[in-house]
1. If you check every pair at least six apart or on different chains, which have Cβ atoms under 9 Å apart with a residue in the stretch 86-100 that is surrounded by 13 or more Cβ atoms within 10 Å (Cβ to Cβ) first and a residue that is assigned to a loop (DSSP other than H, G, I, E, B) and of a type outside the set (Lys, Arg) second?
2. Counting just the residues of the stretch 57-75 that are exposed (fewer than 13 other Cβ atoms within 10 Å of the Cβ) and part of a helix (DSSP H, G or I), which one comes out farthest from the chain's Cα centre (by Cα)?
3. Mind counting the residues in the stretch 38-50 that are farther than 26 Å from residue 107 by Cβ and surrounded by 10 or more Cβ atoms within 10 Å (Cβ to Cβ)?
4. Looking at the stretch 6-37, which of its residues are free of Cβ contacts under 8 Å to residues at least 40 places away in the same chain, under 18 Å from residue 103 (Cα atoms) and surrounded by 12 or more Cβ atoms within 10 Å (Cβ to Cβ)?
5. Could we say that residue 82 is assigned to a helix (DSSP H, G or I), without any contact (Cβ under 8 Å) to a residue 12 or more places away in the chain and either in contact with a Leu (Cβ under 8 Å, 6 or more places away or on another chain) or over 24 Å from residue 21 (Cα atoms) (or both) here?
6. Got a number for residues in the stretch 73-102 being small (Gly, Ala, Ser) and touching a Lys or Arg at 6+ places or on another chain (Cβ under 6 Å)?
7. Note down all Cβ pairs under 9 Å where the first residue falls in the stretch 61-73 and is farther than 17 Å from residue 83 by Cβ and at pLDDT below 95, the second is surrounded by 13 or more Cβ atoms within 10 Å (Cβ to Cβ) and of a type in the set (A, V, I, L, M), and they're at least six residues apart or on different chains.
Amino acid sequence: MSTMEAYALDMSTLLLEAYDLGDRINGSAEVVDYLYWKRRMKEDAEVHRLVREFQRYKDKFEECERFGHFHPDYHAAMDAVRDFQAKMDAHETIRRFKEAESRLDDLLHSVTKMIARSISETIKTPGADEALTDGGCSGGCSSGGSCSGGCG
């Protein structure tokens, strides 16, 4: 068997395993719950009304934000956005959707991290707090930050 044939066989095996993993993730409770609450969000007229109203608050804040703290309505607009966001987060459908989305994100991050760590401990994986929680690289050499030398 030539090197190219072995490579093609390895890649096809890898792709089949990846498809299998994708199918197992798609069948997980996290995905099922996420899709359920996503559908409920799409079908809920009250959610659509809240989103439209929230967009108006955001637009007003963005208009004030152009001038920053110097705009006379800046703090009031920021407070209105924050208050309305809290109102939206209290709505059951929105709250449950966000919880399901977070659980799915955690699952996908765990899988990604497990795959990456099986290759090398220094491979970066996506995640909001990765640099802070896992001792990953926090900017450094190639990102314009100061290099601590701990990137790999």
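The values are calculated or read from the model by the stated rules, or taken from the named source; none is laboratory data. No experiment lies behind these values; they were computed from the predicted model shown. Here the Cβ positions follow ideal geometry from the backbone for every residue, glycine too, while neighbour counts run over all protein chains shown.
1. Between residues of the stretch 86-100 that are surrounded by 13 or more Cβ atoms within 10 Å (Cβ to Cβ) and residues that are assigned to a loop (DSSP other than H, G, I, E, B) and of a type outside the set (Lys, Arg), the close pairs are 91/44; 93/44; 94/44.
2. The first filter runs over the stretch 57-75 and keeps only residues exposed (fewer than 13 other Cβ atoms within 10 Å of the Cβ), leaving 59, 62, 66-70, 72, 75.
Among the residues that remain, those that are also part of a helix (DSSP H, G or I) are: 59, 62, 68-70, 75.
Numbers: 59: 23, 62: 23, 68: 28, 69: 30, 70: 33, 75: 28 Å.
The residue in question is 70.
3. First, the residues of the stretch 38-50 that are farther than 26 Å from residue 107 by Cβ: 45-46, 48-50.
Now narrow it down to the ones that are surrounded by 10 or more Cβ atoms within 10 Å (Cβ to Cβ): 46, 48-50.
Here the count works out to 4.
4. Pass one, the stretch 6-37, residues free of Cβ contacts under 8 Å to residues at least 40 places away in the same chain: 6-20, 22-24, 26-27, 29, 32, 35.
Subset that is under 18 Å from residue 103 (Cα atoms): 22-24, 26-27, 29, 32, 35.
Of everything in the stretch 6-37, those that are free of Cβ contacts under 8 Å to residues at least 40 places away in the same chain, under 18 Å from residue 103 (Cα atoms) and surrounded by 12 or more Cβ atoms within 10 Å (Cβ to Cβ) turn out to be 32, 35.
5. Values: assigned to a helix (DSSP H, G or I): yes; without any contact (Cβ under 8 Å) to a residue 12 or more places away in the chain: yes; either in contact with a Leu (Cβ under 8 Å, 6 or more places away or on another chain) or over 24 Å from residue 21 (Cα atoms) (or both): yes.
For residue 82, the condition - assigned to a helix (DSSP H, G or I), without any contact (Cβ under 8 Å) to a residue 12 or more places away in the chain and either in contact with a Leu (Cβ under 8 Å, 6 or more places away or on another chain) or over 24 Å from residue 21 (Cα atoms) (or both) - is met.
6. We begin by selecting, within the stretch 73-102, every residue small (Gly, Ala, Ser); these are 76-77, 80, 86, 90, 100, 102.
Applying the additional criterion that residues be touching a Lys or Arg at 6+ places or on another chain (Cβ under 6 Å) yields 77.
Counting residues in the stretch 73-102 that are small (Gly, Ala, Ser) and touching a Lys or Arg at 6+ places or on another chain (Cβ under 6 Å) gives 1.
7. Listed by first residue and then by second, the contacts come to 63/77; 71/77.
Each row is one residue, and each column tells you yes or no for (1) of a type outside the set (D, E, K, R); (2) surrounded by 13 or more Cβ atoms within 10 Å (Cβ to Cβ); (3) at pLDDT 95 or above.
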site	(1), (2), (3)
106	no, no, yes
118	yes, no, no
125	yes, yes, no
132	yes, no, no
